[in-house]
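Right, one structure below, let's go through it.
The values are calculated or read from the model by the stated rules, or taken from the named source; none is laboratory data. Treat the numbers as computed from the prediction; the structure is a model and nothing was measured. No Cβ is skipped: glycine too gets one built from the backbone with ideal geometry, and neighbour counts run over all protein chains shown.
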Amino acid sequence: MSSKLLCPNCSLSSRLGVFVKEQSKSVHTISHSLPTLQGYIITAKNNSNPSSKRSEVRPEISSRRNFSATPNASSGILKSLASRQGGAAETYVSYGFTQKLYEACSSQADYEIPQLAQKGVEVPKTADGEELGVGEGWWYKELGLLPTFSTWSQVTFLHMYLLTVRIRALPSPESVRTHSRHLFDHFSHNAEQRMATLHNISSRSIRNKYLKDLFIQWRGVLAAYDEGLVKGDAVLGAAVWRNIWKASGTTHDGQDLDWAKVATVVAYMRRVLSELAKTNEADLVFDLVSSDSIAAAVAGKEKKAIFGPRSIDLKLGGMK
């Protein structure tokens, strides 16, 4: 494995495998005892210390976090939010704004279950009992993850977290809370829709139970990734391994896990956070995914989307 550094203070690619195995014995280890009923969702309740509740960002933290791009935002949306804090206008604007942000997050590891359109055809399942779909993109092709509900939810959470870090830099604590709440609301609605349409979970009570489990996972993701950002790439890599790879040292086909893949995700997160820090709130919706015209692409002037892999991510992670 490559010995390239992701940061001056830690050699993630070479030390991550040993470190995360030690971390798996700590309080952040995924709990495998939670019943999955039909096996559609693998929860991670113990991903963080239960005593660390992070439902909201504290105002004093938000006031200290400052990205250089924040004061320069020229968006009419943001001006509206600043002038009407706490009112209905802010709620409606925030709902639409975060809807676009969420769509960018949920599309990163999207999947389908083609057997649903084929009468009498059984949907394949993983060894853990999760229904197996079909997906495209580097999370499935290069990183070797299985296109399941749990993979989709954890990859979506990862991107929601990256946006949450950027949202925390907004000047208004109320806007931070409003955006954060709506962002998870969009996930909840979408997750419930997937349960009903892709996995035929018709019982509302069962869906509600899964949604409660997902909320607990989200709280754990916030705590675990925050800790990783503060303590370094090795800790962040351990959190990625627990959530994305379910704390397993092997792949779905029984092969040893390539820790360069975990390191690549860490490099990806660091790069995305760096680019988000330089992006005005007014441009977030447009810069997360590529929306340039074909003419711009042909001319070589298209702007690269923030979300999605780059060659630098693969290089720093040791995959290229």
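I'm trying to understand the selection: among the residues of segment 215-260, which are of a type in the set (Lys, Arg), out of contact with any Ser or Thr (no Cβ under 9 Å at 6 or more places or on another chain) and in contact (Cβ under 8 Å) with a residue 24 or more places away in the chain?
none
With respect to the numbered conditions (1) closer than 30 Å to residue 312 by Cα; (2) surrounded by fewer than 22 Cβ atoms within 10 Å (Cβ to Cβ); (3) touching a residue at least 24 places away in the same chain (Cβ under 8 Å), which one is the sole condition not fulfilled by residue 170?
All conditions pass for residue 170, except number (2).
Is it true that some residue in segment 158-181 is among the aromatic types (Phe, Trp, Tyr), under 18 Å from residue 267 (Cβ atoms) and part of a helix (DSSP H, G or I)?
Yes: segment 158-181 contains one or more residues that are among the aromatic types (Phe, Trp, Tyr), under 18 Å from residue 267 (Cβ atoms) and part of a helix (DSSP H, G or I).
Output the number of the condition that residue 54 fails; it satisfies all remaining conditions of (1) surrounded by fewer than 17 Cβ atoms within 10 Å (Cβ to Cβ); (2) in contact with a Leu (Cβ under 6 Å, 6 or more places away or on another chain); (3) modelled with pLDDT of 50 or more.
(3)
Considering only segment 143-175, state which residues are of a type in the set (D, E, K, R) and at pLDDT below 95.
174
Out of all the residues in segment 238-266, which are assigned to a helix (DSSP H, G or I) and either more than 19 Å from residue 109 (Cα to Cα) or more than 21 Å from the chain's Cα centre (by Cα) (or both)?
Scanning segment 238-266 gives 238, 259, 260.
Determine which single condition residue 146 fails, assuming it passes every other condition in (1) closer than 21 Å to residue 221 by Cα; (2) surrounded by 23 or more Cβ atoms within 10 Å (Cβ to Cβ).
Of the numbered conditions (1) closer than 21 Å to residue 221 by Cα; (2) surrounded by 23 or more Cβ atoms within 10 Å (Cβ to Cβ), the odd one out for residue 146 is (2).
Tally up the residues in segment 189-214 that are of a type outside the set (Lys, Arg), surrounded by fewer than 15 Cβ atoms within 10 Å (Cβ to Cβ) and part of a helix (DSSP H, G or I), please.
Final tally of qualifying residues: 7.
Which number in (1) touching a Phe, Trp or Tyr at 6+ places or on another chain (Cβ under 8 Å); (2) over 27 Å from residue 188 (Cβ atoms); (3) assigned to a helix (DSSP H, G or I); (4) modelled with pLDDT under 95 marks the one condition that residue 234 misses?
(4)
Does any residue of segment 296-311 turn out to be surrounded by fewer than 16 Cβ atoms within 10 Å (Cβ to Cβ), among the polar types (S, T, N, Q), within 26 Å of residue 224 (Cα to Cα) and modelled with pLDDT of 90 or more?
no
Could you go through segment 81-95 and let me know if any residue there is modelled with pLDDT of 85 or more and assigned to a loop (DSSP other than H, G, I, E, B).
Looking through segment 81-95, none of the residues is modelled with pLDDT of 85 or more and assigned to a loop (DSSP other than H, G, I, E, B).
Which of the residues that make up segment 198-222 are among the basic types (Lys, Arg) and within 16 Å of the chain's Cα centre (by Cα)?
Answer for segment 198-222, where residues must be among the basic types (Lys, Arg) and within 16 Å of the chain's Cα centre (by Cα): just 219.
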